[in-house]
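A.B. asks: Structure provided below as C-alpha cells; questions to follow.
The values are calculated or read from the model by the stated rules, or taken from the named source; none is laboratory data. It should be emphasised that the depicted structure is a prediction, and the values quoted were computed from it without experimental measurement. Quick reminder, even Gly has a Cβ in these numbers, built from the backbone with ideal geometry, and neighbours come from all protein chains shown. Protein only, heavy atoms only, side chains kept; ligands, DNA and RNA dropped before computing areas. Shrake-Rupley method; radii C 1.70, N 1.55, O 1.52, S 1.80 Å.
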Amino acid sequence: MTRHETFPTKSIADKDFILATDLDGTFLGGTEDERRQFYDWIEGTRARVGLIFVTGRDPGYVRELTRKRRVPKPDYVVGDVGTTIAAVDEDHFLNPIPELEGEIEKAWNNAGMRVQAALQGVGGLRLQSTGFRFRVSYDMDPDQFEPRALDIVAGLGLDALVSDHRFFDVLPKDVSKGPSLLRLLTHLGVDSRKVLVAGDTLNDLSMLAMGLPAVAVGNSEPALLERVAELPHVHAARQQGVAGIAEAILHHKLFA
C-alpha cells in the first residue's frame with residue numbers, strides 16, 4: 001500500500017500489530033527497493049501498525065534518521081542498548097518516560113567516569129565519542145581485546161555486552177534491550193502476542209529470547225543464529241533486513 005490515509009489517533013495498545021525492531025542491519029537493512037516498499041507499507045497502515053525502534057543508537061541519531069532520511073517515525077524508542085525508553089512526538093523528538101527510566105538511572109548510579117577509569121589502558125577498546133546518559137560504549141578490536149575487561153566491569157557491579165565482534169557496551173546491571181522493551185510493552189498495556197521482535201546481532205539476543213514472536217533476519221551475526229537455533233518462537237529468515245521482517249510477519253501470521 002502506497003496511499004497514505006488519515007485515521008483517528010489510536011493508542012499503540014489498540015493497534016493490530018506492533019513491530020519492535022533493531023535498526024542497523026534490520027530495519028535499515030535490505031535493498032533500497034525493499035526498504036522503500038516496506039516503509040511505504042508501514043506508513044500506509046499506521047492506523048493498524050505500531051512501530052518501536054529497539055536500538056543501540058542514541059536519540060539524536062534516531063531523530064536525524066526519521067526527519068531527514070525518510071525512515072518511518074516510530075511511536076516509541078528503546079535506545080542506547082536499552083538505557084533510554086522514550087515516546088516520540090510529532091517533531092521527532094524523543095521524550096524519556098520518567099517512570100520507566102528511573103530504575104535505569106538508579107542502577108547506573110553515575111558510573112560513567114568510574115567505568116572509563118577502570119578500563120583505561122585495556123587493550124582492544126577505543127571509547128566512542130558520543131556521550132551517553134546511562135552507558136559507556138567502546139569500539140572493539142577483537143584481535144587486541146583483553147578479556148579481563150569483562151571481569152573489570154563485573155567487579156563494578158555492571159554488565160558488559162559484546163556484539164558483532166566490534167562493539168563493547170557497559171550497561172547498568174540487568175538492563176538491556178529485552179528487559180527495557182518488556183517494561184515498555186507492559187507500561188503501554190500491549191498484548192505481546194501481536195508484537196514481532198526483529199534483530200540481527202548478539203545485542204538483540206535479550207529481546208529475541210523473551211518468548212515473543214521474533215525473527216533473526218537473514219544477514220544475522222552467526223553467533224546470534226547459534227543462540228536462537230533452538231527457540232521455536234524465533235524465525236530464522238532467509239531474506240535480509242526488511243525483507244526478512246516481512247517474511248517473518250507472514251511466517252508468524254501476525255497481520256492480515
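A.B. asks: Can you find a residue that is over 27 Å from ARG133 (Cα atoms) and among the basic types (Lys, Arg) anywhere in segment 44-67? It would help to see each step written out before you state the result.
C.D. replies: As a first pass, look at segment 44-67 and keep what is over 27 Å from ARG133 (Cα atoms): 44-49.
Remaining after also requiring among the basic types (Lys, Arg): 46, 48.
Yes, there is a match, as at least one residue in segment 44-67 is over 27 Å from ARG133 (Cα atoms) and among the basic types (Lys, Arg).
A.B. asks: Looking for whichever is among the basic types (Lys, Arg), within 23 Å of LEU196 (Cα to Cα) and assigned to a helix (DSSP H, G or I) here; the options are ARG114, ARG35, ARG46. Which one fits? Show your work before the answer.
C.D. replies: Numbers: ARG114 fails: within 23 Å of LEU196 (Cα to Cα); ARG46 fails: assigned to a helix (DSSP H, G or I).
Answer to the check: ARG35.
Table: residues versus (1) in contact with a Phe, Trp or Tyr (Cβ under 8 Å, 6 or more places away or on another chain); (2) not charged (D, E, K, R).
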{"residue": "GLU90", "(1), (2)": "no, no"}
{"residue": "GLU105", "(1), (2)": "yes, no"}
{"residue": "MET140", "(1), (2)": "yes, yes"}
{"residue": "ALA154", "(1), (2)": "no, yes"}
{"residue": "VAL162", "(1), (2)": "yes, yes"}
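A.B. asks: Something else now. I need the full set of residues from segment 218-256 which are under 14 Å from LEU196 (Cα atoms) and charged (D, E, K, R), in order please.
C.D. replies: Scanning segment 218-256 gives GLU247, LYS253.
A.B. asks: How many of the residues making up segment 72-103 are in a loop (DSSP other than H, G, I, E, B), open to solvent by less than 10 Å² (accessible area, probe 1.4 Å) and out of contact with any Lys or Arg (no Cβ under 6 Å at 6 or more places or on another chain)? Before the answer, list the steps.
C.D. replies: Let us first name the residues in segment 72-103 that are in a loop (DSSP other than H, G, I, E, B), namely 72-75, 83, 89-93, 97.
Next, only the ones that are open to solvent by less than 10 Å² (accessible area, probe 1.4 Å) stay: 72, 74, 83.
Still in the running and out of contact with any Lys or Arg (no Cβ under 6 Å at 6 or more places or on another chain): 72, 74.
Final tally of qualifying residues: 2.
A.B. asks: For LEU182, state whether it is in contact with an Asp or Glu (Cβ under 7 Å, 6 or more places away or on another chain), under 23 Å from LEU23 (Cα atoms) and either open to solvent by 20 Å² or more (accessible area, probe 1.4 Å) or in a loop (DSSP other than H, G, I, E, B) (or both).
C.D. replies: Values: in contact with an Asp or Glu (Cβ under 7 Å, 6 or more places away or on another chain): no; under 23 Å from LEU23 (Cα atoms): yes; either open to solvent by 20 Å² or more (accessible area, probe 1.4 Å) or in a loop (DSSP other than H, G, I, E, B) (or both): yes.
Here the answer is no, as LEU182 does not meet what is asked.
A.B. asks: Now for a separate question. When both residues are 6+ apart or on different chains and their Cβ atoms are under 9 Å apart, which pairs have a first residue that lies in segment 126-144 and is without any contact (Cβ under 8 Å) to a residue 24 or more places away in the chain and within 23 Å of VAL62 (Cβ to Cβ), and a second that is open to solvent by 20 Å² or more (accessible area, probe 1.4 Å) and part of a loop (DSSP other than H, G, I, E, B)?
C.D. replies: Qualifying pairs under 9 Å: GLY131/ASP58.
A.B. asks: Any residue at all in segment 113-122 that's within 26 Å of LEU181 (Cα to Cα) and crowded, with 16+ Cβ neighbours inside 10 Å? Full working, then the answer.
C.D. replies: Initially, segment 113-122 is screened for residues within 26 Å of LEU181 (Cα to Cα), giving 115.
Checking which are crowded, with 16+ Cβ neighbours inside 10 Å leaves us with 115.
Yes.
A.B. asks: Here is a check on your reading of the model: is VAL197 assigned to a helix (DSSP H, G or I), among the β-branched types (Val, Ile, Thr) and buried (at least 19 other Cβ atoms within 10 Å of the Cβ)?
C.D. replies: Values: assigned to a helix (DSSP H, G or I): no; among the β-branched types (Val, Ile, Thr): yes; buried (at least 19 other Cβ atoms within 10 Å of the Cβ): yes.
In short, no.
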